[in-house]
Amino acid sequence: MAAARDLETLQRELVPVAGAATVSHGCFVFALAPGELAPTARRLRDEFGFDVLLDVTAVDWPGDALRFEVVHHFYSTAHKVRVRLKTRVAADEPVVDSLGALYGSAAFMERECHDMYGIGFRGNFDLRPILLYEGFVGHPLRKDYPKQREQPLVPYRD
Amino acid sequence: MDARTIPIAPLLPAAAANTPRVKDAAFEYLTTRKDELIGWARKFSLFPYPFVTACCAMEFMAVSASPYDTDRFGAALPRFSPRQADLLMVVGTVTHKQAPVLLKVWEQMCEPKWVMAFGVCASSGGFYQNYAALQGIDKIIPVDVYVPGCPPRPEMVIDGIMQLQDKIARSSHPVVTDTF
Amino acid sequence: MDTLTSFPNPVRSIFEATRDDSVIVNIGPSHPATHGTVQIIAELDGERVLRTDVHCGYLHRGFEKECEDHTWHNLIPYVDRLNYVSALVNDFAYCDAVEQLMGVEITPRCRYLRTLLSEYSRVVDHLTCVAAGLMEMGAMTAFLYLVMVRDFMYEHLAALTGARVTYSYGRIGGLARDLPDGWLVRLEEILVQYEEFVGRVHALVDRNRIFIDRLRDVGTITTADALSLGCTGPILRSTGVPRDLRKDTPYLAYAELDFDIPVGIKGDNYDRYFVRMREMDESVYMIRQLAQMLPEGPINVDDRRCTFPEKTLVYSQIESLINHFKLVMDGPSVPPGEIYCAHEAPNGELGFYLVSTGGGTPYKVHVRSPSFVHMGAASRMLDGGQLADIVPTFGSINMIGGECDR
């Protein structure tokens, strides 16, 4: 099948770059270095037809040296298959490249990731809070933010 | 009840609705009758401002349509301007981001005004006990009727409206001075 | 005299007026037509919208953080309240993700019943979207007709699940309970009523000059833009692309059903309205097929890792008691791993990205919500139109606050 052959090509060509390719429940997973994220995403879109950026999120592993794992999901409407790209960044400089130049959907999703985890996106100049509000201090989805710490904007009546 | 009232006009002194009946020997009969009349008129012509945020909106739509219908209570027409509304129905979760907006809308409403906390998120925060949700709107505005439920069945909402109507009927309605 | 409280503004606009004759107008977040809680800051030149800045997040209720504190089972009510208009789809997508991660295979009856209920929820969602959208343009009659049918469906689902709007009916490994007697009979009655009322709405709206003028060529988006901006679901299909996860990557029982994918021609509001109306018809067709195909058998898979044992056994056997206790207190034990599982929700691709480090509570539950991504695309559809077009365009995007802001 053309689709399967393309996927083998995908796996073969990206593995030297990515270093590791696993299949997780029907989704190709590549673990990359932060510098390779944008070029790999460009190749995925241009050469392999992954035309939809589904999701940008992060996972916080507080015990590890490279604390944050930024996860991107892509979908190909032609091949009907998904790819996950994972990148690790350290806590003192959690910055990756923005995919805003490739996909329009990256804008909002990167804003949310920045809001929740504090991940910076180089090239995205609009990282205003989207789910949280101006004046919120901290990044709530990090494991060290206590769930019930509220930061009310309006003083409570007594 | 709450000190945050906006003066109506220079001619009339500041009115304070929803105050308990003040015993005034000279005009007691007149006051009672006047209060009953105005209470009856007000309770059957509620103009809700549906401050809709979340899932309870589905039940709000259901209670406005048949077979539950708020039109039977005279509360059919939602007024989307706070200046024209007198019942603020806070439908759904109010988050800390939304709280200033809620306060602004409530303050823009003119007296007499009532607040219904529709749903358990508006009453007490619901099951969102975290950094984002305001744990009950009564932390920022006074509430007259709480309708719990996640979301409440339309019958519960109607019960809440009827209890509010009883409250309106029972309370005093000073319209000329602040006691009469 | 001024007793209005002042407090900091929760959002910051990204633009100032670029021209002397343009006005910046704030729409929302408490607005009848922004479906709850979205704020649109629009720069207007007269009635024409030059550009918009869409602010969501007013309903951010901390779903992901809340999930990390609950067991895999206990967070099903939170999942319900994401897309609260079609709550069952969320339940089943989440349960499917956990079941795949655990390696649990659901029973055939559960599979068909979940498909049937997903399609039922799709009908409810599209009814609500179309009803609200038409009401915002003044068609109160259509709203009342469609909400009446929706109310029948709510009562019907309440007979099955116990709740009208947010059901918490899905369970890891199955469903909460089986169909009551007479449920399928009532289903057919409701579908007949549905056809009658939707027929009336078609008669009122489809060839109505006013609605065609207001919806045709308004809020247009091209296929390339839609794909680049991550649009899926009816928005993508209205541009003419027949992409639907139920056909492309079939899950549940969709591979065995006969249905079509309605597509639009121009990607405007009229196409989105019509795609939703036709999708409802296709869903009703699927529901009728599924009601015939429903096999007998157990609802829950007989797997003690996730299914609660029978109450009689819990009270008589120590193993069942311990199993029940562990499932309630610790939660079903999900092996370490991660999964991204997507279902075709009425709004588009609803994905759950779950990360497990073993144990009964999740490490991370992330929702790829179609509404949030569509909010990013909203500016593209709103810019260049009229101020009055913001309302129907926004209604046709079907932004659901619970899903958008999570």
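What value does the range C:197-332 have for Rg/Rh, both radii from Cα atoms and Rh as Kirkwood defines it?
Numbers: Rg = 23.0 Å, Rh = 18.8 Å.
Dividing the radius of gyration by the Kirkwood radius yields 1.22.
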Review point. Could you give me the ³J(HN,Hα) list for the range C:122-137, computed from phi with Karplus coefficients 6.51, -1.76, 1.60 and θ = phi - 60°, whole Hz, x at Gly and Pro?
Key: 5, 4, 4, 4, 5, 4, 5, 4, 5, 4, 5, x, 6, 5, 5, 9
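With both partners inside the protein assembly as shown, how many of the DSSP beta bridges are antiparallel, as a percent to the nearest 5? Write out the running numbers ahead of the final one.
Numbers: 52 of 74 bridges.
So the antiparallel bridges in the protein assembly as shown amount to around 70 percent.
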Check your understanding: Given B:Lys104/C:Lys364; A:Lys147/B:Lys139; B:Lys43/B:Lys104; A:Lys80/C:Lys266, which pairs have Cα atoms separated by over 30 Å?
Key -> B:Lys104/C:Lys364
Check your understanding: How many nm is it between the label spots at A:Asp126 and C:Arg207, if each spot is 7 Å from the Cα in line with the beta carbon?
Key -> 4.3 nm
Practice item. Give the cross-link partners of B:Lys34 among the aspartates and glutamates, using a straight C-alpha distance below 15 Å as the criterion and excluding same-chain residues fewer than 8 apart. Key: B:Asp24, B:Asp178
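Rounded to a whole number, what is D in µm²/s for chain A from Stokes-Einstein with the Kirkwood radius over alpha-carbon pairs (25 °C, 0.890 mPa s)?
146 µm²/s
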Review point. So for the pair C:Ala17, A:Glu134, with labels modelled 7 Å out along Cα→Cβ, what separation do we get in nm?
Key: 1.9 nm
Revision key, fill the gap. In a Gaussian network model of chain C with springs linking alpha carbons closer than 10 Å, the residue among C:Leu187, C:Leu134, C:Leu179 that fluctuates most is C:Leu179
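Pairs of alpha-carbon atoms within less than 8 angstrom and 6+ residues apart define the contacts here; what relative contact order does the range B:47-170 have, in percent? Let's see the in-between values first.
Details: 235 pairs, mean separation 32.2, N = 124.
Relative CO of the range B:47-170 lands at 26 percent.
With Cβ to Cβ distances under 9 Å as the rule, what net charge do the other residues near A:Met116 carry (K, R +1; D, E -1)? Numbers along the way, then the final one.
Working: positive: A:Arg142, C:Lys65; negative: A:Glu112, A:Asp115, C:Glu64.
Charge balance in the 9 Å sphere: -1.
Per DSSP H run of n ≥ 4, the term is -39500 (n - 2.57); total these for the protein assembly as shown, divide by its residue number, and report the mean residue ellipticity at 222 nm rounded to 500 deg cm²/dmol.
Values: 24 runs with 285 residues, N = 744.
Rounded to the nearest 500, it is -12000 deg cm²/dmol.
Out of the GluC sites (Glu not before Pro) in the range C:45-90, which ones are loop residues according to DSSP with at most 12 other C-beta atoms within 10 Å?
On the way: sites: C:Glu47, C:Glu64, C:Glu66, C:Glu68; in loops: C:Glu47, C:Glu68.
Here the GluC sites (Glu not before Pro) that fit, given the DSSP loop and packing criteria, are C:Glu47.
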Exercise for review: Place a label point 7 angstrom from the Cα of C:Lys311 along the Cα-to-Cβ direction, then list the residues of the range C:163-196 whose backbone nitrogen is under 20 Å away.
Suggested key: C:163, C:168-172, C:174-181
Check your understanding: How high is the FRET efficiency between B:Thr177 and B:Glu155 when r is their beta carbon distance and R₀ equals 41 Å, given to the nearest 0.05?
Key -> 0.55
**Study point:** Positive dipole terminus of the protein assembly as shown, leading residue within B:Met61, C:Val49, C:Tyr251 (C-beta point charges)
**Key:** B:Met61
Point to revise | Per-residue Cβ neighbour rank within 10 angstrom, fewest leading, C:Asp225, B:Asp35, C:Asp45 | key: C:Asp45, C:Asp225, B:Asp35
Practice item. Using the Karplus curve 6.51 cos²θ - 1.76 cosθ + 1.60 with θ = phi - 60°, work out ³J(HN,Hα) for each residue of the range B:136-151 in order, rounded to whole Hz, and write x for Gly and Pro. Key: x, 6, 6, 6, 10, 9, x, 10, 9, 9, 10, 10, x, x, 9, x
Check your understanding: Quick one: Debye curve from the C-alpha atoms of the range C:63-405, no solvent, what's log10 I(q)/I(0) at q = 0.12, 0.14 Å⁻¹?
Key -> -0.84, -1.12
Review point. Can you tell which of C:Arg368, C:Arg272, C:Arg19 shows the greatest fluctuation in a Gaussian network model of chain C with Cα springs below 10 Å?
Key: C:Arg19
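Provide the net charge surrounding C:Pro392, with neighbours chosen by a C-beta distance below 9 Å and charges set as Lys +1, Arg +1, Asp -1, Glu -1.
On the way: positive: C:Arg214; negative: C:Glu136, C:Asp389.
Overall, the nearby charge balance is -1.
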Exercise for review: Could I have the simple spin-label model distance between B:Leu37 and C:Asp225, label points 7 Å from Cα toward Cβ, reported in nm to one decimal?
Suggested key: 6.0 nm
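As a footprinting exposure proxy, order A:Tyr133, C:Tyr112 by other Cβ within 10 Å, with the fewest listed first.
Working: A:Tyr133 27, C:Tyr112 21.
Lowest count first: C:Tyr112, A:Tyr133.
Ranked by Cβ crowding within 10 angstrom, fewest neighbours first, how are A:Glu36, C:Glu105 ordered? Present the calculation step by step, with values, prior to reporting the outcome.
Working: A:Glu36 18, C:Glu105 13.
Fewest-to-most ranking of A:Glu36, C:Glu105: C:Glu105, A:Glu36.
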Practice item. Can you quote the Å³ per residue value for the convex hull of the Cα atoms in the range B:47-170, rounded to an integer? Key: 88 Å³
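How far, in nm, would the chain grow between C:Asp69 and C:Gln193 when pulled straight, counting 0.36 nm per residue and subtracting the alpha carbon separation?
Numbers: separation 124, 0.36 × 124 = 44.64 nm, distance 4.33 nm.
This chain segment gains 40.3 nm when fully extended.
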Exercise for review: Quick one: which residues, 5 or more positions from B:Thr95 or on another chain, have an amide H under 5 Å from its amide H? H modelled 1.01 Å from N in the peptide plane, none for Pro or chain starts.
Suggested key: B:Leu134
Check your understanding: What does the charge add up to near C:Gly219, with Lys and Arg as +1, Asp and Glu as -1, over the other residues with Cβ less than 9 Å from its Cβ?
Key -> -2
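Send over the semi-axes of the protein assembly as shown's equivalent ellipsoid, whole angstrom and largest first, taken as the square roots of 5 times the C-alpha gyration tensor eigenvalues. Working shown, then result.
Details: eigenvalues 365, 183, 152 Å².
Working through the eigenvalues yields semi-axes of 43, 30, 28 Å.
Based on the Kirkwood radius over alpha-carbon pairs, what is the Stokes-Einstein translational diffusion coefficient of the range B:130-171 at 20 °C with 1.002 mPa s viscosity, in µm²/s?
Working: Rh = 11.9 Å.
Calculated translational D: 181 µm²/s.
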Check your understanding: Between B:Ala122, B:Ala54, B:Ala85, which gets the highest mean-square fluctuation from a Gaussian network model of chain B, Cα cutoff 10 Å?
Key -> B:Ala54
Revision key, fill the gap. Rounded to whole angstrom, the alpha-carbon centroid of the range A:20-70 lies from that of the range A:86-127 at a distance of 13 Å
Practice item. Determine the principal axes of the Cα atoms in the range A:80-158, then give the extent along each, sorted from largest to smallest and rounded to whole angstroms. Key: 55, 28, 24
Study note, to complete from the structure: Rounded to 0.05, the calculated FRET efficiency for the beta carbons of C:Ile24 and C:Arg216 at R₀ = 35 Å is 0.75
**Study point:** Computed FRET value (nearest 0.05) for B:Ala76 with A:Thr22, which takes r as the C-beta separation and R₀ as 51 Å
**Key:** 0.30
Study note, to complete from the structure: the range C:52-122 and the range B:33-101 have their Cα centres apart by a whole-number Å value of 31 Å
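Computed from the coordinates by the stated procedures, all read-outs in this text should not be read as laboratory data. For clarity, every value in this text was computed on a predicted model and none was experimentally measured. In this analysis, Cβ positions are derived from the backbone assuming ideal geometry, glycine residues included, and neighbour counts consider all displayed protein chains.
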